[in-house]
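Scroll down for the structure; my scribbles are underneath it.
The values are calculated or read from the model by the stated rules, or taken from the named source; none is laboratory data. Keep in mind that this is a model prediction, so the values were computed, not measured. Here Cβ is always computed from backbone atoms with ideal geometry, including for glycine, and neighbour counts include all displayed protein chains.
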Amino acid sequence: MTLPNVLTGVRILLMPIFIIFLVQNELTSALIVFVFAGITDGLDGFFARRYGQMSSLGAYLDPIADKLLLTSAYLILTIKELVPPWLCVLVIIRDLLIILGVAIIFLLQKKSNRIGPSKLSKINTCLQIICVVLVLGKSIYSIKYVYYQFFFWLTAFFTVSSGVHYLFQWLNYLGSIGEDQ
């Protein structure tokens, strides 16, 4: 077991703690766990690249851990009426689209090095994380509601843009499969 996989495992184990804090409306505690989970995410990627500890297990577990944490955050924050439902729906639909695309490629038993996280996707993930941090930290710092609205719309824009980008990548990739044979 590599250090990056251990860190990803820690992030997965932090998820129930994060969810419990959210459900109990302990937003500051949830924020601390969320930030710590984010640090483990950054560290697992750093160690994997820096020390050549990338693994097939990590390639699957890392994005699953990220998606579960963000999806949990958006679902619960929406139920608590801290995030607009339309934003939650966009975040979840995009993630489902990505999972569906990966599943189709897997079912076709094709490996694709051409489809991976794009810069647009990384910006999207960053904005989704910042959005959660802003909402969780609302008791720590005071931000006018208009700024939350701006961030919700900015996050939505990049969520949709990233989802459409992935869709076009997959359609191009699936179209090229027949050309390779």
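Some notes on this structure:
- Exactly one residue out of ALA59, ALA30, ALA37, ALA65 is among the small types (Gly, Ala, Ser) and without any contact (Cβ under 8 Å) to a residue 12 or more places away in the chain: that is ALA59.
- Output for the stretch 103-150, where each listed residue is aromatic (Phe, Trp, Tyr) and at pLDDT 90 or above: TYR147, TYR148, PHE150
- PHE21, sole failed condition from (1) surrounded by 18 or more Cβ atoms within 10 Å (Cβ to Cβ); (2) within 18 Å of the chain's Cα centre (by Cα); (3) under 25 Å from ILE140 (Cα atoms): (2)
- Within the stretch 73-104, the set of residues being over 27 Å from VAL146 (Cβ atoms) and not acidic (Asp, Glu) comprises LEU96, LEU97, ILE98, ILE99, LEU100, GLY101, VAL102, ALA103, ILE104.
- Some residue of the stretch 77-87 being touching a residue at least 60 places away in the same chain (Cβ under 8 Å) and surrounded by 19 or more Cβ atoms within 10 Å (Cβ to Cβ): yes
- Given (1) surrounded by fewer than 16 Cβ atoms within 10 Å (Cβ to Cβ); (2) more than 19 Å from the chain's Cα centre (by Cα); (3) within 25 Å of VAL164 (Cα to Cα); (4) of a type in the set (Val, Ile, Thr), index of the condition ILE105 fails: (1)
- Selection status of VAL33, at pLDDT 95 or above, buried (at least 18 other Cβ atoms within 10 Å of the Cβ), of a type in the set (Val, Ile, Thr) and not in a helix (DSSP H, G or I): no
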